[in-house]
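The values are calculated or read from the model by the stated rules, or taken from the named source; none is laboratory data. Since this is a predicted model, take the numbers as computed values, not measurements. As a convention, Cβ positions derive from the backbone with ideal geometry for all residues, glycine included, and neighbour counts pool all protein chains shown. Only protein heavy atoms, including side chains, enter the accessible area calculation; ligands, DNA and RNA are left aside. Shrake-Rupley method; radii C 1.70, N 1.55, O 1.52, S 1.80 Å.
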Amino acid sequence: MSSQTGLVVEHRASESPYIERVWRSRSHDVGQMLAVANPRVGLVSWCHRGKLSVSITGPESGGSRAEVPEDATFFGIDFALGAFLPHLSGTRLLDREISIPDVSDRSFHLAGSHWQHPDFDTAELFVQRLVREEILGRDRLITDIARGATPDLSARTVQRRFLAATGVTRGAARQMDRARAAAIMLGDGAAPAEVIIELGFHDNPHLHRSLRRYIGRTATELSSDAAVPLSLLYTTDHSR
């Protein structure tokens, strides 16, 4: 559970190879948040003034500001790096959010079928059905690389597979996750010098550029109680 000004977020990891993180949150007295860069596809739903909405979110190449409706509740699934929707390529989803039509209180329409809304405790069952019906796929090569494996393939082949599944390069995915890990460390009170050594940045300017590009804040801003909250932060195997 994490709490920032106007935004309370609860999240958990998953044993599913298709899920990176499951989360839920509620907003109150906040108009915007900083959405951090993320190489993963996700599904997010929210309820505001009794109306339910659902979207597929694509990889985000940089930190950006996003509007947050007041007094709303949110639920989301961040799919694992390498998981993808075959009918929506990673490049088509890059820096985009696709609204899902025909959303009712009980279900929504996705890839030709109606689906009951998943929740914090049923996300894995929902994803299992997505996989069974071939609406969600996974490139095992990318999953293995994210866990530290060294593939016996050319760099060009790996890059092509990364782009096809995620819409970003392998290097960009690594930099996004490293910037996320740096933001968490700084928010927890670590000194920039400690972050540089721990996460392998070259120097302070390198850390500064990475935070500005992928998080949208400097190290100093991350160490203070900023008025605009950040989107979900968590460490991953791909961070270092």
So which of E60, E70 is acidic (D, E), at pLDDT 90 or above and open to solvent by 50 Å² or more (accessible area, probe 1.4 Å)?
E60
Just checking, how many residues over the range 164-173 are at negative phi and either among the polar types (S, T, N, Q) or in contact with a helix residue (DSSP H, G or I) (Cβ under 6 Å, 6 or more places away or on another chain) (or both)?
4
Here the residues within the range 138-148 that are closer than 15 Å to E20 by Cβ and open to solvent by less than 30 Å² (accessible area, probe 1.4 Å) are D139, I142, T143, I145, A146
Would you mention how many residues in the range 193-229 are assigned to a helix (DSSP H, G or I), touching a His at 6+ places or on another chain (Cβ under 9 Å) and at pLDDT below 95?
1
When residues of the range 103-129 are filtered for being without any contact (Cβ under 8 Å) to a residue 24 or more places away in the chain and closer than 14 Å to I56 by Cβ, how many remain?
2
Considering the range 149-177 alone, what residues qualify as being more than 15 Å from S61 (Cβ to Cβ), not aliphatic (A, V, I, L, M) and not in a loop (DSSP other than H, G, I, E, B)?
R156, T157, Q159, R160, R161
So, in the range 14-37, how many residues would count as being open to solvent by 20 Å² or more (accessible area, probe 1.4 Å) and closer than 18 Å to I142 by Cβ?
6
For the range 175-183, indicate whether the set of residues that are open to solvent by less than 50 Å² (accessible area, probe 1.4 Å), farther than 26 Å from L222 by Cα and out of contact with any His (no Cβ under 6 Å at 6 or more places or on another chain) is non-empty.
no
Given the conditions (1) under 17 Å from E20 (Cα atoms); (2) open to solvent by 60 Å² or more (accessible area, probe 1.4 Å); (3) in contact with an Asp or Glu (Cβ under 7 Å, 6 or more places away or on another chain), report the number of the one that D119 does not fulfil.
(3)
Quick one: which of L163, L207, L186 is among the aliphatic types (A, V, I, L, M), open to solvent by 60 Å² or more (accessible area, probe 1.4 Å) and more than 22 Å from E15 (Cβ to Cβ)?
L163
Going by the structure shown, is T169 surrounded by 13 or more Cβ atoms within 10 Å (Cβ to Cβ), among the β-branched types (V, I, T) and closer than 18 Å to I19 by Cβ?
no
Among (1) of a type outside the set (D, E, K, R); (2) crowded, with 17+ Cβ neighbours inside 10 Å; (3) at pLDDT 90 or above, there is one condition I98 misses while meeting the rest; what is its number?
(2)
Exactly one of S154, S231 is open to solvent by 10 Å² or more (accessible area, probe 1.4 Å), polar (S, T, N, Q) and in contact (Cβ under 8 Å) with a residue 60 or more places away in the chain, and that residue is S231
Residue pairs, Cβ under 8 Å, 6 or more apart or interchain, first in the range 199-217 and over 14 Å from S61 (Cα atoms) and free of Cβ contacts under 8 Å to residues at least 24 places away in the same chain, second among the small types (G, A, S) and open to solvent by 30 Å² or more (accessible area, probe 1.4 Å). List them.
N204/A193
Kindly provide the set of residues from the range 156-191 that are within 19 Å of the chain's Cα centre (by Cα) and acidic (D, E), ordered by number.
D177
